[in-house]
Each structure stands twice: as structure tokens, then as C-alpha cells.
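Asks: Sending over a structure as C-alpha cells; questions will come in a sec.
The values are calculated or read from the model by the stated rules, or taken from the named source; none is laboratory data. All values reported here derive from a predicted model rather than from experimental measurement. Heads up, the Cβs are rebuilt from the backbone with ideal geometry, glycines too, and the neighbour counts pull from every protein chain shown. Each accessible area value is taken on the protein alone, full model and side chains, heavy atoms only, with ligands, DNA and RNA left out. Shrake-Rupley method; radii C 1.70, N 1.55, O 1.52, S 1.80 Å.
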Amino acid sequence: MTSEARQRQDRLIRNAFPIFEDTDLVYLDSAATTQKPDCVIRATREFYENDNANPLRGLYELSLRATDAYEDARRKVADFIGAKDPNEIIFTRNATESLNLIAHTWADDNLKPGDEILITIMEHHSNLLPWQHVAKRTGAVLKFLECDKKGNITEEMFHAALTPKTKLVSMTQISNVLGVRNDIRTFARIAHENGAVFSCDGAQSIPHIKVDVCDLDVDFLSFSGHKMLGPMGIGVLYGKMEILEKMSPFLTGGEMIEYVTREGATYAEVPHKFEAGTVNAAGAVGLGAAIDYYNAIGIDVIEEREDYLTVLAMKELGRIPHLNILGSDDPLNHHGILSFTIDGVHPHDIAAILDSFKVDIRVGHHCAQPLLKYLGSMSTARASIAFYNTENDIFRLAEALKTVRGKMGYTD
């Protein structure tokens, strides 16, 4: 793509995001949450203005419209991730709740003392803490599969970690610290050959690469709407229908039942037996609008833009003395995520200095403390790129980083 064509594309995309009317803002924390295009903001507002009623309950026109809007969003999600049936899509609050749903339903019902749960050292706490609690409740054993220092897990390493006792594997597709992409298709196949169920955390992959759950053959996939241009407070759990139908409800209460007596209840069919209480219909509608926007841009275009910017960022940051990037030397194995340290400078100071330049990055342990401890660094700075970023954002990041050691009193 020529420089002029890229600049035109930049303007077209940036103009869709109201927050970038502040042209001085450099936002590089999209791994935490993405900015929202106007179409998502408008869709959420218009639901409340025009279709606001309790979905799935009323027989009057307004409630039926709300139900249609909610279920239409479910269909859009199913199509976006290649699910066979929209009813395999369960709406939750976020990926964290989706993973907890699996832990409190499938895992509690299926694991017994001595069974093994396998996760990787690179998991976000959302894909670690639920399994720690499952192990305590059921007597199962939680095991960690370590990556190499670049974040890679080979097929041989995965094979070696499995045992006949492994009943569940739960793994991120893309690390939120290293950006490395795990070979989910291969690992799911091996897990199934070993008789284990496979759960994939897609929070960092769904916004950036094409994900097809049937192609990957995962049993579960979890992700959050707010990391893929959608509203906060809406998440997704995909599950294979034959598994979901056998699972117990997670929460109980309104709308997830067919019939209630004093002694008990019969539950609604999937997915509604997992969506107790008044649902976040506006959030689902906003997520549907985000998916429409992704489809309009094209995931291939999004991936190309983010790859280009990641290569540029690795090049520019690589020129800065005393700056150390964690993970792979190959920018295409970072998927827009660059975690780094600067010799002699605490990451919190890095963030404060960059903030004075209106450059927003994340610092800390990134909810992945076991990984950072394994890598020998308890805190890092992280710049995470989305397709709405530009070359200028990368140049401004690099220029701000060049000042950090000087502002901290170093003279090199």
C-alpha cells in the first residue's frame, strides 16, 4: 500500500471514532479495552431510545422488538466466529464470567479428585483463578505448561504435559503480555485424542485475527465485547451444543426456567438457561454493531494494518538504548502487543512520563503475574496496537520513550 493510500485509510478509520477528535491523543492500550466507533455508540443509544423493553418476557410490540434485537446480535456473533448454531452463543458480562461459567458448571460436574486441569504459564488471571478454585472444590490438580522465554509452546511440549488424567485444557490463543499466538487447532486436536475437553480464551485474538470455532474444533471459546469495539459489560461464551445441553445452570432466577414449583424447577433450553435475570440487551446490540463494523472493514485489512504497525513499532523501539522488548524477535509474533522495560526506570515512571506527552500505555503485571515472574520481571510497560492506530502514533510513542531516562536523571 502506498503512503498516500495508507493515509487515506487512516483518515477514514479514525473519523469513525469520536474520541480521536482529540487529535493529540495517542491511545496504545487496546489490549485492555478498545475505543468505540460511532456506529456502536449510536446503536446502543438507539436501542434505549427506540426499543427499550425487557427482552424474552413481554408479548407487546416493544418487548418483541427488544427480543428481536437481542437475538439478532446472537446470530451476528455466531456468524462472526463460525458457530454452527446461534444457540451455542451465551451472553455474559465478559470473558472472565464466561470462564467462571465453565468452571462452575462443566468443571464442577465432571471433575473428581486426581483429575488434572492443564493451563499455560502465560494465562491471564481470568483463565487461572477459576481453575485454582475448581481444584480446591473438586480435588482436581491444576498443572502449568511452561513456554520458552520467547513465549513459544511446541507440539512436543504440549504432548509431554498431557497425561491420562488430563480432563480439561484451558489456553489463551494470544498472550496479553507477549502477543504470541498459540496453535489452538493442533493443541485442541491433541487434547481430544487424549480424551480432554478444550477451552480457549479468545479475549486477545477475536479482535485481531480471523477465528473460526469449527475450524479450531474447540469445545469452549470465551471473549469480551469491550476488547473488540463493543460496549463494556457484554461478553460471550461459545460452547458446543452437545456439551452445553448437559451442563447445569450457572446462575438461577428469572427467565432461565420453564416451570417452577415449591419443590424445584425445570430449566429453559440452551442458551437461555445460562442467561438468568434481565439481560444486557443494549450491550448485545452494541456488540452486534461492532461486528458489523469489523465486517465492513474486513478482518484481513485489520490484520494487515496491525501487522504493519507492529513491525514499525518494533523497529522504532529497537533503536532506543536500554529498552528491552519481551518475547519474540519477530514482530509478526507479537500481534500488536509490545511489553518492554527500560533499564533503571520503573514502569510506573515510564507511564507517567508518556502521559505528559498524551501517550497512553499500560504498566504493571497485566493480570499475568505467574508469567512475569517466570520471565524474571514483575512489572513491565505495554503498548498495544489496534487497527485505528497510525504511523504517527508509533513515532510519537518512540519520541516520548527516548526522553524517559533523561527525565529520570540519566545522562547516557
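Asks: Reachable lysines from residue 136, Cα under 24 Å, same-chain residues fewer than 8 places away excluded?
Replies: Within the straight-line limit of under 24 Å, residue 136 reaches these lysines: 112, 165, 167, 246, 373.
Asks: Still on this structure, I have one more. For residue 244, what is the net charge nearby, where nearby means another residue's Cβ is under 14 Å from its Cβ and Lys, Arg count +1, Asp, Glu -1?
Replies: Taking every Cβ under 14 Å from that of residue 244, the sum is -3.
Asks: In whole percent, and with a 1.4 Å probe on the protein chains, what portion of the accessible area of the stretch 11-169 is carbon and sulfur?
Replies: Of all accessible area on the stretch 11-169, carbon and sulfur atoms account for 51 percent.
Asks: Need the C-alpha centroid separation for the stretch 1-60 versus the stretch 85-135, integer Å.
Replies: Between the Cα centres of the stretch 1-60 and the stretch 85-135 lies a distance of 30 Å.
Asks: Rounded to the nearest 10 Å², what accessible area does residue 373 have for a 1.4 Å probe in the complete protein model?
Replies: 150 Å²
Asks: Something else: Report, in degrees rounded to the nearest 10, the 0 to 90 angle that the Cα long axis of helix 61-81 makes with the longest principal axis of the chain.
Replies: Helix 61-81 and the main axis of the chain meet at about 60 degrees.
Asks: Here's something else I'd like to know. With charges only on Cβ, +1 for K and R and -1 for D and E, what is the dipole size of the stretch 10-132 about its Cα centre, in debye, rounded to 20?
Replies: That gives a dipole near 180 debye.
Asks: Which of 94, 83, 69 sits farthest toward the positive end of the charge dipole of the stretch 66-106, with +1 on the Cβ of Lys and Arg and -1 on the Cβ of Asp and Glu?
Replies: Sorting the options by dipole projection puts first 94.
Asks: Restricting the count to DSSP beta bridges whose residues both fall in the chain, what percent are antiparallel, rounded to a multiple of 5?
Replies: Taking every DSSP beta bridge within the chain, about 55 percent pair in antiparallel fashion.
Asks: Relative contact order (percent) for the chain, with alpha-carbon contacts under 8 angstrom and 6 or more residues of separation?
Replies: The value is 22 percent.
Asks: For residue 315, which lysines qualify as cross-link partners when the Cα separation must be under 17 Å and same-chain residues fewer than eight apart are set aside?
Replies: 402
Asks: Which aspartates and glutamates have a Cα lying under 17 Å from the Cα of residue 210, excluding residues fewer than 8 positions away in the same chain?
Replies: 79, 183, 201, 292, 300, 303, 304, 306, 307
Asks: Could you give the length gained on full extension between residue 23 and residue 242, defined as 0.36 nm per residue of separation minus the Cα-Cα distance, in nm?
Replies: Taking 0.36 nm per residue and subtracting the Cα distance, the gain is 73.9 nm.
Asks: Spin-label point model (7 Å from Cα, Cβ direction): what's the residue 144 to residue 346 distance in nm?
Replies: Each label point lies 7 Å from its Cα, and together they span 2.5 nm.
Asks: Oh, and also: Relative contact order for the stretch 1-148: what percent, with Cα pairs under 8 Å and sequence separation of 6 or more?
Replies: It comes to 13 percent, rounded to a whole number.
Asks: For the stretch 203-298, which GluC sites (Glu not before Pro) are both in a DSSP coil and crowded by at most 11 other Cβ atoms within 10 Å?
Replies: Filter output for the stretch 203-298: 263, 269.
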